[in-house]
Amino acid sequence: MSLSAYISRDQRSGLVGSLLLSCLLIAVGLLVVYFGQRYQLRIVYAAYVNLLVVLGLQVFMGNANITNLSHSAFMGIGAYVAAICVTPVKIKAISLPQAPWGLNAFALDPWVSAFIAIAITALLAWLVGLIITRLSGIGATIVSLALLVIVHSIFLHRTDIFKGKQAFFGIPQVFDINSILIISVCAIFVARAFRESHWGIQLRASADDEVGARSMGVNVYRVRLIAWVLGSVFLAVAGISYAYFLGTISARPFYFTHVFLTVAMLILGGMRTVTGAVLGTLLISFGLEGVRYLETGPELLGIKLPELLGLSGIMLGVVIVVTMAFRSSGITGNTEIEQLFNRWRR
Amino acid sequence: MSKGINKTMKIFQVASGCAITGILATALAGGSAMAADTIKIGFAVPLTGEYAPYTSVQGARCMAEMINRDGGVDGKMFEVLVQDVGSDSQAAISISEKFLEEGAITISTIPFSDTMIPVAQLAASYGATVIQAQSTQVEMHAGIVDNFITNVSPDPFTATAGANFALENGVKNVVLFTSDEGGSWSARTPVWFGDVIEAGGGTVLSSLNFSFGTSDWSPQIAELKKLDPQPDAVYISSVMPDVGVLIRQMRTAGIDAWVIGSDGLDDPSLDAIGEGDAAVLDKVVFATLAPSHADSAMAAFIAECNAMDIEVAGLFPALGSDIVMAIAHGVEQAGSVDPVAVREAMRAADSISAKTVENVSFKEHQSYAQRTGPVIGFKDGKRVLLSNEVPDGVPTDWN
Amino acid sequence: MDYAIQQVLNALSFGAEYALLALGLAIVFSIMGLVNFAHGEIIAAGGYSMFAITSLLTGNPFVVIVGALLVAVLASVLLERVAFRPVRYADASTGLLTAFGVSMILQNLFLLLVSPRPIAITNLYFLNWPIEVAGVQISTLQVFETVTTAIAICLLVVFLKKSSFGIAMRAASLDFEMVRLMGIRANRVVAVAFAVSGLLAGLACIFIMARRGSVDPTFGFNPVLKAFVACVLGGFGSLPGAVLGGFLLGAIEVGMLVLLPQSYGGMKEAFVFGIVALILVWRPDGILSPAVEKGDKL
Amino acid sequence: MLELHNVRVYHGPIEAVHGLSVSVSEGQCVVLLGPNGAGKTSTLSAIAGVASSRGQITFNGHDLEGLSIEERQRLGIALAPEGRRIFSNLSVRENLLIGAATRTDRPGVASDIDYWFSTFPVLHERSDQAAGTLSGGEQQMLTIARALMSKPRILLLDEPSLGLAPLICKQIFALIDSLKAQGMTILLVEQNVRDALQLADYGYMLNSGNLMSEGDRETLSRQGASMSTLTGINHT
């Protein structure tokens, strides 16, 4: 109870909500660890990496209400920086023989590499953020899109550093399902804490009424920048988790397909809440897995279904269109999980 | 208060648990018990998205059915496991693992090293082999993984076959089109082509960059027209329809140089650009992975599959037949479906008869096939086989 | 010298195509604040209709062209009715995301119903043959495209200035609600905007098909991305801005191809988008920003 | 002619008017008075269909519920909104033309435009200029003229004198007076109590979304002193 002296009611409620969401994540994790097959472990891992991305998106896009399309690029930056730092010299001699600046002459501990990756991603995000947070609406969206194309183009072209569309391989596979569980639980707490923090509240207020928030003394650019950089840290962590699990990366996964997929996850769940981010990610990740299975024309209950290639894409599109038409604030709207329970109990 | 939370948490856990179980159960329904007398081959491949044209499933499926129809391999039947993964590496890896758990002895996947390497690493723990019908990229042969086999020769071979043809036809000055967007296939194949041309006494005049999806090549063509001397040939490793646009725009601009390409041009839609004016294709040649002219073995195979109601659309799907035959050979020699034994048997064979070429052999290189590299051109808008041999003078600096 | 003239002409014809595409986006955006990312799929629908007409009815190029234009217009109007009407008065990001969803659905429908592979349609090749003007060789397709764009812009200007519907559309881009208060039916104004947008998409489709000769499910993505960038450059929602942005983007692209050393050629996109970002930092609402007009809407 | 019965008006979740009943009969000029935030504009918006409302609104026997903005306009309800909202980039003539968008008699439209040009010569002088270049008073005249171009049966006039110089205000009120003389039914919203009451046949006094009092010119004028303290408007 002594805690209440330091944190607000909303923050306490946020802790409860984070706890509930963490339980959900851990439950899914345990379920798949004890009952699932090995490949399902991978699907859950991939879903949780996307969850980190979606949470990173939520921190900025959800609270500031500015559509961001550059997130996959930041994920890529995190993944590549960590990969370059951590990959053993012996392997880099094969894969990056022409790397400049002695990039192929050193290798670091995975934790140090991860730290450097996060730091560099955040630094780049801060630099870009200085510009992007001053734009609003469609202008910010297009600059974020330009950012995505620019970063992708650099990944593709500087094959001496990034290998482009070829594999950057030999990254030590230091993460497993437990690591991602711990990281995503932490991420939920951080994202929720930010939402209920002083800055989070100011940012949400400015999203509802920018002029009003300004007149109340909110430095809109500053809170946006804080959210933008914090979001980029989530994305860097997602990139690192991707690289440390698969051991091989390329420029390919960090482009439009991934951008649209993760944005769809966020808006389906509801971008204004952390609960929405979690719900959207889990629903689409596991839903798509089911649809994918139906796509290839399986035999269900003795009936041979036709092959329906493209069904998963159609479903994803329908989900977006229907959500936007009937509930543009997503499934959760403005309600976090613990509020839902409170309402439900009454 | 805390009691309430506990209660709600429990309810939530149970509810979410049920939901997840339901979803997982749906995904699980595809699994089935392992049977020793079937040869399971997995295809975690792009049936949709930008890499769909490279999928080898249809040819493999058709060949597997043919073999099964004739009694299988010593009574063992093929079972082809297929699932679409789009262009998503992670999905490809998960689906591969699913197939491996189901007992697949080989896996085919997205033909890019960023997917093939982790899939091969994963397959290694099951003893299984990653076998690709069409993968020509060189980095897979650098010794990163040792359970990888591709049914074709790497890009330097097609580059050399094209260059040798050019040199024989008096080509001296060439222009190379390069792009990083197709990996080493589009970035380095033209360079190897240039190396062979220079070794043969020719000159590389210029190297122009391009993007995939280019639908108007006018600026590059203006660059070409500026050159002095004019090129005798341009080389490009790209795909249809981009190359088709390039060819037509070059001819419209009055540039009569040879257009030489690699396997990416080997698409039925290339033939279509000659409709109405067959002369457009007169000086177009490409070095490819298997003969694909009208009376080739491949054309016959495609027709045969169509009769079985399996549509095999061109070169890459047809190449799938070869890997099924290679696996069948491996199983026959090994006398079992043990994945390691099958791989070793495939690699030990001096010659394995194939469908799209007469035979292939993995004995010399272990990770890729030694096979003939056909050069195909056009006469009156119809494909003609210009040469079909293992090329000489292949650059060796690629490993 | 010939080379320079040639490249300037290329920049002009690139610009004409981008302007045509950008106008289609801008006209919808100016009226209902919707960034219609599904515009590319309208173009693709035109392409697939050419395939359908050729294989089911006739290869007569006139029929194919008219058919493609009709299909583009109908598809555009239909999309508005089905997908965009429910989000008509929602904020810009809701509309944008809906458009992404629509674009995803259409791409996958093409894939499911036709094929994931490119389909060859070659009966518009005849539009392209070389001609020589004052010693410079140019292709007729470039001429047709530039001239068509010019005519389309002129007709659009006449339509917007002279017809009562055009005046209503211009008014709607300033204050949609006020237009409704004049008794003008919102549905009609929006439908006409989408029809015009579809027509422009159809025109663009004809030229792209005449050059490319094939259509595939992701056919529309590149054009719409270019159109989007052109619109942003010129100032979103401003029709003159869309035209200016289109020509500017054409000039930047060809300029980059010509000026960048080939070893940096792969970075062309990075430079083009870098310039776009810089222009936006300089003028956040685009060069011919309609922000002044929007002022009375707030 | 126009009847509001227990109407509640909403801006999003907020209720701006809490159950108002108003009646306007043909040829009458009725005024809604009250301070800022009283719900006057909200009431007009509800009638025009711009704001969502509950309760019954009938016009010439038609229930307006469920009718869109444009359908209400086509029944003959014209709104000259607060803040004028002219189409600033369109020319003066185009602004007038668009006002007549629902009419099909081209000669009639042309002669009406000529009528307004002769009434306000300044509009004629600037007929091909962007309407945004007009002064505030000219824009207000254009707004009223534009609303009348559709030949409405009732004119909803929202704060026509807002932000205008006294001399211009006088002109505007003269115009309203002459409209009334021609038999136009008018529902007027004003803060300028004295001038408004000189025109009005009947008036309603609103505050914070509630009806305070109603009555004819004399009744309301008698309450004028108390009203001026309420509205805070100086009567000079």
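The values are calculated or read from the model by the stated rules, or taken from the named source; none is laboratory data. Keep in mind it's a predicted model, so treat the numbers as computed, not measured. Glycine gets a Cβ as well: all are built from the backbone with ideal geometry, and neighbour counts include every protein chain shown. Side chains included, ligands, DNA and RNA excluded: accessible areas come from the protein's heavy atoms. Shrake-Rupley method; radii C 1.70, N 1.55, O 1.52, S 1.80 Å.
Descriptive notes on the structure:
- Test for C:LEU20: is it of a type outside the set (Val, Ile, Thr), within 12 Å of chain B (Cβ to nearest Cβ), over 14 Å from C:LEU79 (Cα atoms) and assigned to a helix (DSSP H, G or I): no
- Taken over region B:188-199, residues that are surrounded by fewer than 23 Cβ atoms within 10 Å (Cβ to Cβ) and free of Cβ contacts under 8 Å to residues at least 60 places away in the same chain amount to 2.
- Hits in region C:102-117 (condition: assigned to a helix (DSSP H, G or I) and either among the aromatic types (Phe, Trp, Tyr) or in contact with a Leu (Cβ under 8 Å, 6 or more places away or on another chain) (or both)): C:VAL102, C:MET104, C:ASN108, C:PHE110, C:LEU111, C:LEU112
- Any hit, region A:97-111, residues being within 13 Å of another protein chain (Cβ to nearest Cβ) and either within 23 Å of the chain's Cα centre (by Cα) or of a type outside the set (S, T, N, Q) (or both): yes
- Qualifying positions in region C:131-176 - free of Cβ contacts under 8 Å to residues at least 60 places away in the same chain, assigned to a loop (DSSP other than H, G, I, E, B) and more than 30 Å from D:LEU97 (Cβ to Cβ): C:ALA134
- Check on D:ILE186, open to solvent by less than 50 Å² (accessible area, probe 1.4 Å), at pLDDT 80 or above, under 24 Å from D:THR58 (Cβ atoms) and of a type in the set (Val, Ile, Thr): yes
- Verdict on C:LEU56 being surrounded by fewer than 20 Cβ atoms within 10 Å (Cβ to Cβ) and either within 14 Å of chain A (Cβ to nearest Cβ) or modelled with pLDDT of 85 or more (or both): yes
- Candidates are the residues of region C:157-169 that are crowded, with 20+ Cβ neighbours inside 10 Å and within 9 Å of another protein chain (Cβ to nearest Cβ); the one that is nearest to C:VAL243 (Cα to Cα) is C:ILE167.
- Per the conditions (1) farther than 30 Å from B:HIS141 by Cβ; (2) at pLDDT below 85; (3) buried (at least 24 other Cβ atoms within 10 Å of the Cβ), the sole criterion not satisfied by A:ALA207 is (3).
- Residue satisfying all of: in region C:182-197; part of a helix (DSSP H, G or I) and open to solvent by less than 10 Å² (accessible area, probe 1.4 Å); nearest to C:LEU124 (Cα to Cα) among these: C:SER197
- Single match in C:LEU97, C:LEU106 (criterion: closer than 23 Å to C:SER173 by Cβ and surrounded by 20 or more Cβ atoms within 10 Å (Cβ to Cβ)): C:LEU97
- With respect to the conditions (1) within 11 Å of another protein chain (Cβ to nearest Cβ); (2) touching a Lys or Arg at 6+ places or on another chain (Cβ under 9 Å); (3) of a type outside the set (S, T, N, Q), D:LEU33 lacks only one, and its number is (1).
- Residues located in region C:198-210, provided they are facing chain B (nearest Cβ under 10 Å) and open to solvent by 10 Å² or more (accessible area, probe 1.4 Å): C:PHE207
- Qualifying positions in region C:63-109 - more than 12 Å from chain A (Cβ to nearest Cβ) and either modelled with pLDDT under 90 or closer than 15 Å to C:VAL224 by Cβ (or both): C:ALA72, C:ALA75, C:SER76
- Residue pairs meeting the criteria (Cβ under 9 Å; at least 6 apart or on separate chains; first under 13 Å from C:LEU141 (Cβ atoms) and β-branched (Val, Ile, Thr), in region C:200-228; second open to solvent by less than 10 Å² (accessible area, probe 1.4 Å) and not in a helix (DSSP H, G or I)): C:ILE206/C:LEU124; C:ILE208/C:VAL215
- Residue match in region A:296-307 (condition: hydroxyl-bearing (Ser, Thr, Tyr), free of Cβ contacts under 8 Å to residues at least 40 places away in the same chain, surrounded by fewer than 22 Cβ atoms within 10 Å (Cβ to Cβ) and in contact with a helix residue (DSSP H, G or I) (Cβ under 9 Å, 6 or more places away or on another chain)): no
- Qualifying positions in region D:2-26 - aliphatic (A, V, I, L, M), in contact (Cβ under 8 Å) with a residue 40 or more places away in the chain and more than 22 Å from D:ASN60 (Cβ to Cβ): D:ALA16, D:VAL17
- D:ARG84 vs. criteria among the basic types (Lys, Arg), at the interface with another protein chain (Cβ under 9 Å from one of its Cβ atoms) and crowded, with 23+ Cβ neighbours inside 10 Å: yes
- Whichever residue in region A:153-171 is open to solvent by 20 Å² or more (accessible area, probe 1.4 Å) and in contact with a Phe, Trp or Tyr (Cβ under 7 Å, 6 or more places away or on another chain) and, among such residues, is farthest from the other protein chains (Cβ to nearest Cβ): A:PHE162
- Members of region C:237-255 that are modelled with pLDDT under 85 and under 21 Å from C:LEU12 (Cα atoms): C:SER238
- Residue check, D:THR143 surrounded by 15 or more Cβ atoms within 10 Å (Cβ to Cβ), closer than 30 Å to D:HIS62 by Cβ and hydroxyl-bearing (Ser, Thr, Tyr): yes
- Condition check for B:GLY86: closer than 30 Å to B:PHE193 by Cβ, within 11 Å of another protein chain (Cβ to nearest Cβ) and open to solvent by 10 Å² or more (accessible area, probe 1.4 Å): no
- Among the candidates D:SER45, D:SER52, residue that is within 14 Å of chain C (Cβ to nearest Cβ) and exposed (fewer than 14 other Cβ atoms within 10 Å of the Cβ): D:SER52
- Some residue of region B:316-325 being assigned to a helix (DSSP H, G or I), among the hydrophobic types (A, V, I, L, M, F, W, C), over 26 Å from B:THR160 (Cα atoms) and under 18 Å from the mean Cα position of the chain (by Cα): yes
- With respect to the conditions (1) outside any loop (DSSP other than H, G, I, E, B); (2) open to solvent by 20 Å² or more (accessible area, probe 1.4 Å); (3) assigned by TED's automatic domain parsing to the domain that holds B:MET325; (4) over 18 Å from A:THR248 (Cα atoms), B:SER207 falls short on a single one, namely (3).
- The set of residues from region C:121-137 being open to solvent by 30 Å² or more (accessible area, probe 1.4 Å) and either hydrophobic (A, V, I, L, M, F, W, C) or over 16 Å from B:GLY254 (Cα atoms) (or both) comprises C:ASN123, C:PHE126, C:TRP129, C:ILE131, C:VAL133, C:ALA134.
- Residue count for region A:285-295 under the criterion of being open to solvent by 10 Å² or more (accessible area, probe 1.4 Å) and within 14 Å of chain C (Cβ to nearest Cβ): the result is 4.
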